[in-house]
Amino acid sequence: MASLKEMRNRIASVKATRKITKAMQMVAAAKLRRAQDAATAARPYADRMDAVLASLASKIADKAGASPLLVGNGKDKVHLLVVMTAERGLCGGFNSNIAKLARQDAQKLIGMGKTVKIMTVGRKGADNLRRDLNKNIVERTDFQGVKQLTFDHAEGVANKVLAMFEAGEFDVATLYFSEFKSVIAQKPTALQLIPAKIPDTTDAPKGVATAIHEYEPGEEEVLGYLLTRNITTQIFRGLLENAASEQGSRMSAMDNATRNAGDMINKLTIKYNRQRQANITKELIEIISGAEAL
């Protein structure tokens with residue numbers, strides 16, 4: 001049985017840990033508001049980009065002359081998985097859930113005889129996938145020390161993806177990130193980047209007039225530019241969704257850790273008091289027994 005001194009030291013240690021987890025919870029809560037606002041503000045732009053792409057794609061009848069970013073290169077052999085996670089841990093299952101979804105899809109593709117290549121964005125993604133799929137990781141991008149992710153960071157990742165596609169290193173690219181729902185709910189999501197996943201425009205509500213647009217210099221040229229821009233936009237949206245999801249998950253994880261530390265302190269305190277009372281009773285019995293012996 002542990003001595004009273006050892007139990008006091010352990011209680012003090014758990015109290016110090018509770019202070020740390022409580023501070024991390026408050027920091028995550030402060031960062032969450034800004035990250036949530038940024039992720040929410042980026043959604044309408046990305047949705048409108050999809051709508052414009054769908055409108056342009058529907059007007060190009062000759063798909064043979066369309067951009068490979070829209071219709072692909074006609075092959076489905078090599079898949080690139082762009083897995084975006086956080087740079088740090090202590091955020092619950094945020095990183096592991098994204099890596100789990102990517103791992104399941106990668107193993108499924110490998111089982112179908114496909115070649116899988118993985119590009120990780122964020123240190124924790126590579127750490128989670130290294131054990132099973134280390135040989136499939138072909139590119140790593142870390143943002144350690146970056147306090148605020150910007151569109152330029154997303155553009156750097158998009159340029160790497162586009163350069164690999166132009167070099168014929170893959171046929172299909174899929175983006176993995178966590179979509180922010182609420183503080184306690186984040187949904188791991190897989191979004192196909194190349195070929196572009198264009199929403200269906202045939203399900204428009206009846207009776208709603210569709211505006212007719214004329215494009216200059218031409219629909220093909222505008223579509224080609226927007227397809228490239230769309231990849232950067234979707235990656236940037238994924239980074240923002242990840243930032244909000246990370247802070248929400250960290251806030252929940254640190255709240256649970258703080259509560260568990262409080263419960264452990266209560267149990268250790270009760271155990272300490274019982275043992276202290278037992279020691280006092282034992283000493284009293286020894287004193288009384290010694291007095292009676294005299």
**Study point:** Single unsatisfied condition, residue 220 versus (1) among the acidic types (Asp, Glu); (2) at pLDDT 65 or above; (3) open to solvent by less than 60 Å² (accessible area, probe 1.4 Å)
**Key:** (3)
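Among the residues of the range 168-178, are any assigned to a strand (DSSP E or B) and open to solvent by 70 Å² or more (accessible area, probe 1.4 Å)?
No: the range 168-178 contains no residue that is assigned to a strand (DSSP E or B) and open to solvent by 70 Å² or more (accessible area, probe 1.4 Å).
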Practice item. Select from the range 128-146 the residues that are of a type in the set (D, E, K, R) and in a strand (DSSP E or B) and write down the one among them that is surrounded by the fewest Cβ atoms within 10 Å (Cβ to Cβ). Key: 140
**Study point:** Contacts under 9 angstrom Cβ, first residue in the range 30-50 being assigned to a helix (DSSP H, G or I), partner of a type in the set (Ser, Thr, Tyr), 6 or more apart
**Key:** 35/245; 39/245; 42/233; 45/233; 46/233; 49/233
Check your understanding: Is at least one residue of the range 115-127 in a helix (DSSP H, G or I), in contact with a Ser or Thr (Cβ under 7 Å, 6 or more places away or on another chain), over 15 Å from residue 242 (Cα atoms) and in contact (Cβ under 8 Å) with a residue 12 or more places away in the chain?
Key -> yes
Revision key, fill the gap. By residue number, the members of the range 147-166 that are open to solvent by 70 Å² or more (accessible area, probe 1.4 Å) and assigned to a loop (DSSP other than H, G, I, E, B) are 147, 148
Review point. Just a yes or no: is a residue in the range 80-94 surrounded by fewer than 14 Cβ atoms within 10 Å (Cβ to Cβ) and part of a helix (DSSP H, G or I)?
Key: no
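Can you tell which of 283, 241, 246 is part of a helix (DSSP H, G or I) and in contact with a Cys (Cβ under 7 Å, 6 or more places away or on another chain)? Steps first, answer last, please.
Details: 283 fails: in contact with a Cys (Cβ under 7 Å, 6 or more places away or on another chain); 241 fails: in contact with a Cys (Cβ under 7 Å, 6 or more places away or on another chain).
That would be 246, the only listed residue that is part of a helix (DSSP H, G or I) and in contact with a Cys (Cβ under 7 Å, 6 or more places away or on another chain).
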Check your understanding: Taking the stated definitions as given, is residue 267 open to solvent by 20 Å² or more (accessible area, probe 1.4 Å), free of Cβ contacts under 8 Å to residues at least 60 places away in the same chain and among the basic types (Lys, Arg)?
Key -> yes
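The values are calculated or read from the model by the stated rules, or taken from the named source; none is laboratory data. Because the structure is a prediction, the values reported are computed rather than measured. Cβ sites come from the backbone with ideal geometry, for glycine too, and all protein chains shown count toward neighbours. Accessible surface is based on the protein model in full, side chains and every heavy atom, while ligands, DNA and RNA are left aside. Shrake-Rupley method; radii C 1.70, N 1.55, O 1.52, S 1.80 Å.
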